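Taken together, the values in this text are just the output of simple stated rules run on the coordinates, not laboratory data. Please read these numbers as outputs of a predicted model, since none were measured by experiment. Here Cβ is always computed from backbone atoms with ideal geometry, including for glycine, and neighbour counts include all displayed protein chains.
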Amino acid sequence: MIKTTVFAALASAVLFAVPAHAAGDAAAGEKVFAQCKACHENEKGITKIGPTLKGVVGRKVASVEGYNYSAAMKAFGATGAVWDEATLTKYLPNPKALVPGTKMAFAGLKKPEDVANVIAYLSAHP
């Protein structure tokens, strides 16, 4: 009986720990975001070479006022796509695979944990 209770408690702890890890680490994501800073910022809403990423999580694709998006990104945005966790998870490892013709030159984040961490960072700094 005690073994069953201990096992159930440990199993519950593992199950509840997995989503926290899957959600990413915002502090680690800030370090990964350094790769993005040459073209994007996430603090003041300023457009640089790329559009601002301030408030990107939950924002409609290709919707930053005044930014000149590629025709491919505009078409992707016209589908109603939103930069939610699922879309960013597909986009960040290989932007040109999800949006062929995008003018974003970055090859992508190859480590899934970097992707999750950057999304956590962007989510934590709307």
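Backbone phi angles across the range 30-43, fed through the Karplus curve with coefficients 6.51, -1.76 and 1.60 (θ = phi - 60°), yield HN-Hα couplings of 4, 5, 5, 4, 4, 5, 8, 5, 5, 10, 10, 10, 9, 10 Hz in residue order; Gly and Pro are listed as x. In summary, the lysines within cross-link reach of residue 48, defined as a Cα separation below 26 angstrom excluding same-chain residues under 8 places away, comprise 31, 37, 60, 74, 90, 96, 103, 110, 111.
Calculate, for residue 97 and residue 67, the FRET efficiency according to 1/(1 + (r/R0)^6) with r their C-beta to C-beta distance and R0 25 Å; round to the nearest 0.05.
Calculated transfer efficiency: 0.70.
Sequence-distant contacts, meaning Cα pairs under 8 Å at least 6 residues apart, place the relative contact order of the range 40-126 at 29 percent.
Scanning residues 5 or more positions from residue 82 or on other chains, those with amide H under 5 Å from its amide H are 61, with H placed 1.01 Å from N in the peptide plane. For the range 65-116, treating each Cα as an identical point scatterer without solvent, what Debye log10 I(q)/I(0) comes out at q = 0.16, 0.17, 0.20, 0.22 1/Å? Taken in order of the listed q values, log10 I(q)/I(0) reads -0.47, -0.53, -0.72, -0.85. Computed from backbone phi, the HN-Hα couplings of the range 50-61 come to x, x, 4, 9, 5, x, 5, 5, x, 8, 4, 4 Hz, rounded to whole numbers (Karplus: 6.51 cos²θ - 1.76 cosθ + 1.60, θ = phi - 60°; Gly and Pro given as x). Taking amide hydrogens as placed 1.01 Å from N in the peptide plane, the amide H of residue 70 sits under 5 Å from those of 103, each at least 5 positions away in sequence or on another chain. Here, the range 34-99 has an Rg and a Dmax of 11.3, 30 Å when only alpha carbons are counted.
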